Every structure is written in C-alpha cells, then in structure tokens.
1. If a residue has to be within 12 Å of another protein chain (Cβ to nearest Cβ), among the polar types (S, T, N, Q) and without any contact (Cβ under 8 Å) to a residue 40 or more places away in the chain to count, how many in segment A:140-166 make the cut?
2. Which one is farthest from A:LYS208 (Cα to Cα), of the residues in segment A:26-43 that are aliphatic (A, V, I, L, M) and modelled with pLDDT of 90 or more?
3. Scan segment B:243-251 and give yes if some residue there is surrounded by fewer than 18 Cβ atoms within 10 Å (Cβ to Cβ), within 28 Å of B:TYR83 (Cβ to Cβ) and not hydrophobic (A, V, I, L, M, F, W, C), otherwise no.
4. Quick test for you: out of B:LEU265, B:LEU224, B:LEU238, pick the one residue that is in contact (Cβ under 8 Å) with a residue 24 or more places away in the chain and either more than 19 Å from B:LEU199 (Cα to Cα) or crowded, with 16+ Cβ neighbours inside 10 Å (or both).
5. Just for segment A:9-49: of the residues that are under 20 Å from A:SER190 (Cα atoms) and basic (Lys, Arg), which one is nearest to the other protein chains (Cβ to nearest Cβ)?
6. Can you find a residue in segment A:20-32 that is of a type in the set (Gly, Ala, Ser), under 21 Å from A:PRO194 (Cβ atoms) and part of a strand (DSSP E or B)?
7. For segment A:50-83, how many residues are in contact with a helix residue (DSSP H, G or I) (Cβ under 8 Å, 6 or more places away or on another chain) and under 17 Å from A:GLN185 (Cβ atoms)?
8. Give just the number: which of (1) over 24 Å from the mean Cα position of the chain (by Cα); (2) in a helix (DSSP H, G or I); (3) under 25 Å from A:GLU131 (Cβ atoms) does B:GLU64 not satisfy?
Amino acid sequence: MSIEIKDIHFSYGKMKALEGVSLDLSQGAVGLLGPNGAGKSTLIRILLGFLSPDKGGGRVLGYDIKDEQPKIRRYVGYMPEDDCFIPGLDAVSFTSYLGELSGMPRQEAMKRAHEVLYYVGLEESRYRKLETYSSGMKQRLKLAQAIVHDPKLIFLDEPTTGLDPNGRREVLELIMDISSKKNIQVLISSHILPDIELTCSYVVILNKGKLAAQGDISELKEIRDLYEMKIKGEAGGFLRRLKDMKCKVEETEDGIFKVYWPPDQNRQEIFKIAAEEKIQLRHFVKSETSLEDLFAEVVGVD
Amino acid sequence: MTIKEKGYSHWDGEFLVKKFPWWPITRYGIKLTFMRKFFKLTLPMSLLPAVFWLTGIYISERLEDFPFLKGETSQFLQIDPGYFKIYFTQGFMLFIMLMIVIFCGASLISDDLKHNSLQLYFSRPLKKKDYFLGKIAVIVFFLFIITLIPGLVFFIMKLVFSGSLKFFISYPWLPLSIIGYSFIVTGFFSFYALLLSSLSKNRRLVAILIFGVYFISDIVYLILRSEFRSHYVSLVSLRANLQQVGAHIFGQKTPYDISWIFSFLVLLGICVFAGFFLKSKVKGVEVIK
C-alpha cells in the first residue's frame, strides 16, 4: 500500500485539525478535496512527515510516518502550490540541484534533470534563467523537480493554479500520463473539481477535519441519483416532504430543482408526493452527477 | 505541446546516504555568489591586504636589500604575533570581511523566503541543521579565503623566507591562534549574516542591515564613550569586541581595559541568539501552506 493511515488525530492547540482519519490508498491518481480548513494541508504535512499525529499512525510507501520521515521524503515527490524557484539558476541546474538534495549522485542528477525537463516540455528553455520563465513554465518546472528523483508517490498541490486553458490541459495530460503509464501514484489536492474528475479515479473528501467520503468517483456518484425538475404550484410542502425522505434538494438560479434521491427509494414516490401536494411536474430528467454535485452534497456547500 | 513519451524513464540508480547532505547547498551557494555582479572583482581586491602583509614578511627577511625602509618602518616589519594580530583585527580588514559577507550572505535566506524555496529544500530528506550548515558553509568558504588561508600562508612563508624554524620555536602556538581567531570571526559573521538575512525577503535591505548594524554599533559605542568614559561601553561595538578577542588570542595587549571574556561572551551571545531565532523562523512544516 502507498498510503495507509489509521485513526489519525491532530490538533493545533485547542483547534482540532484532523479527527479519526483513516485511509488506505494503493495506486493511481487520488484527488484530495475539501473546503478551506478541512484539514487537507495538515494531512499532507503528516504524510510528508512534517507533523507527528497526536493519535493514530500509519505508513507511506511502507515507511512509518512517525519514525521514518526522512525516508518518506526521499521516495516522495512534492509539487508546491506557490511559485518557488532559486534565482540565478537555469532549469537544468535547478532540477539537478534538487535531485542531488534528494540523495542522487551528482552526475545522475544532471542526466535525470535533462530527461525530466524534456518530459515536461521545457527542453528548449532548459538553459534559460528561471526568473524569465512564464507561470506555465514555472508550473512545469515544479513538476519536473517533483519527479527528478523518480519518486514512487507524488503530492501535487493545486497543480493547475494560474494556468491558461492550454497550459492547464498540458499539465493535466502530464499528470494523467504519470499516474497511468509511469507507475507513479499521484495524490492531487485541488479546489478545481473538473481537474480532479479528469485526472483521478479515486477521491478523498475531508470536511471539518473528518473524512466525509472516499471511494471511486464513479461509485460515489451512484450512491444517490440526481434528478432535475421544474415544478408549478406551491413548492413548500412538496420540498418539505422530499427532505423528510432524506433527499437533498437544491434550487438553481434558473428555477430548476436538483433532487438527490437515495437509490433505495422508489422514484415513483416523487410523482406520488407531487400529486398529493397538487404540484405539476413540468420537467423531470435524470441528470449525470458531477464531482461538483457530489462535493456539494458531502460537504454541504453550493 | 505534446507529452514527450521517450523523455521519461524510471531511474534505476541508488540513492546515496550522504555524509554531508548540506554540501550541494554550499556548492550552489558558492556558484551563485560568483555569478553576482562585481564579486569577481571584489574577491581579488579583498586579498590585497594579504598580499601587502606577505610582502612585508618577505621584506622583513631581506631588510638589507631595502635600506630605505630602515628606521620607523622596520618596526612595522617586526614579524611577531602582533603582526598577525594587526592583519586580522584592523578595522579595514574587518570592513573587507563585512563586504564579503554582504556579497555572499545577504541573500542566503532572504532569497529563499522571497522565492518560497524553503518548500523545495524541506520536501527533501534534509534536516533544518543541514540547511543551515549548507548556508553557513558558503560564508565560511569565502571568509576563510581572506582569514585562515592567508594567516597560515603568512606563517609558512615566514619559515620559508627565514630558512629556519626559529619563528616556529618562538611561537609554536601561533598557528592555533590563526585557526582559532579565523573560526571565531568567521563563525560570528556567519551567524550575524544569517540572522539578518532571515529578517527580510529583500536582499538589498539585508545588505544595508548587515552594514548598518555593524557601523551603528560602533557609532553608539563612540557616543557612549564620550558620555560615560568607561571601557565597558566598548561591549556595544561589534568591531571593538572582535578586536578585543583577537588581541587576546594573538597574545597581545587588549585595546580596551576590560576582560576579553566579556567581548567573547557578547559575540557568543549574538551567535546563540541567532541560532535560536533561525530555528524558530525557518520551519520545515511551513512548506505546506
């Protein structure tokens, strides 16, 4: 298992950042989602070995998160969210430097730097000073430094922040290639849900320090059916009765009601309740649940 | 741009468990310092006093060839520990050290703060201790070029020019003094520069601070001296403390009428404070925001 943690608790003073989080992630690309303050950064800090959990424990790539932190960082790659570089260096020197800091021999690090810069599409500008790089190039460079030492697992923190649509597509292509063809597990923390939906098959959603949901995206989407409907008449009673049946109902700006219907319930009930409440259903369509819908439902935000 | 399929293959090498994991930081720090404007000119210039002192050692052994230097000048050419003390502790030499420290030390941490590079260092198997050692070693490297190395060269060349071991027999402890004072002055300036470098993301501001704090401490000393007429006020001057300790280490009369221990403790205190400050300022955990 790449990441195996059990019952992790962590507090900053009195504030609980993580409460009883357990994960068992083995391969492929995993999306880590959650609103601000959900505990994502704390979780990555613990997985990288910067923080030791108050309670619970686990392993990353087989190394104990409490006792073998430097080993974890040797075999894990990390791509930070912020722009970060070392001024005065060109891309080759920068990437090989960080390879050396990971423990690679000097000459091998230099050779690998050329390879990974070619891989991320910076081969033509690899001798340019980093100060002259555009945002998109810096983002690729951050990816290059994260994979220079051929990690078995990489953490990507908001990998598409600040990119134009083309740059975003290219970085996502790289991430998909890394996770699907290069046998490197990827954990992506992002607020851009379509990016997660495109690159990841598995998702972990944190909310208020607790694990709100985890699983295959396709399976999670099937937990509830989503129906879109337009209604005519006094909606109050109808919606109240739907909510009593543990449905989640949202109204969109254009007057469409999104109803998350539990799969164990018969959808005929919707029509029955509408008839009893003297409501006309003018539009009734089974909709595809997106990750955004799932996230909104799990976290309880629009 | 498409993905370069052939550009990526798994690395089949082995990671080294390095004895000195901080060495790449030092190597790149030295490389970046040499890339700075004017530094290639400043470093040779900073060696001019050493050349002058070395010439003095040569002349002292060949005074008969330089008759015009007889008299008062020949007193200066008396090669003894005092000659070495003057080289190491004269105000001009300390000023040169300060300039070198500004070139190589001002940006060491401030640039990392400005460009968020700490995240890159600490997401690697690197301890905080390794990071600081790597940075300090950059300053040590450049300061040793103008302190330790010339000092030892003076000593060796004195023996070579005189063609006897008489000087060594007279002052067998002198090499230790050279090494000891070089370590003290270099250690102090290293902690001093790193402390100030961690205060700001602006390299120029740090350079001004390194320069300013040193000279302001001297100005404050001069003001206090005229006010209180006590030698103890010399403890506020960084220059005076370095000179006081230097004089003692080279076995000379200290310039201020107080124990050199006080000056040593002031310098040590600054280093200890800098160490604690740096430890709390640079946090590995902050790499993930």
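The values are calculated or read from the model by the stated rules, or taken from the named source; none is laboratory data. None of these values were measured; they are calculated from a predicted model. We place every Cβ from the backbone using ideal geometry, glycine too, and count neighbours over all the protein chains shown.
1. Of the residues in segment A:140-166, 1 are within 12 Å of another protein chain (Cβ to nearest Cβ), among the polar types (S, T, N, Q) and without any contact (Cβ under 8 Å) to a residue 40 or more places away in the chain.
2. A:ALA29
3. So the first thing to find is which residues in segment B:243-251 are surrounded by fewer than 18 Cβ atoms within 10 Å (Cβ to Cβ), and the list is B:251.
From what is left, the residues that are within 28 Å of B:TYR83 (Cβ to Cβ) are B:251.
Checking which are not hydrophobic (A, V, I, L, M, F, W, C) leaves us with B:251.
Yes, that holds for at least one residue.
4. B:LEU238
5. Among those that are under 20 Å from A:SER190 (Cα atoms) and basic (Lys, Arg), it is A:ARG45.
6. Within segment A:20-32, the first condition is being of a type in the set (Gly, Ala, Ser), and the residues that meet it are A:20, A:22, A:26, A:28-29, A:31.
Narrowing further to those that are under 21 Å from A:PRO194 (Cβ atoms): A:28-29, A:31.
Add one more test, that the residue is part of a strand (DSSP E or B), and what stays is A:29, A:31.
The answer is yes, given that some residue of segment A:20-32 is of a type in the set (Gly, Ala, Ser), under 21 Å from A:PRO194 (Cβ atoms) and part of a strand (DSSP E or B).
7. Result for segment A:50-83: 10.
8. (3)
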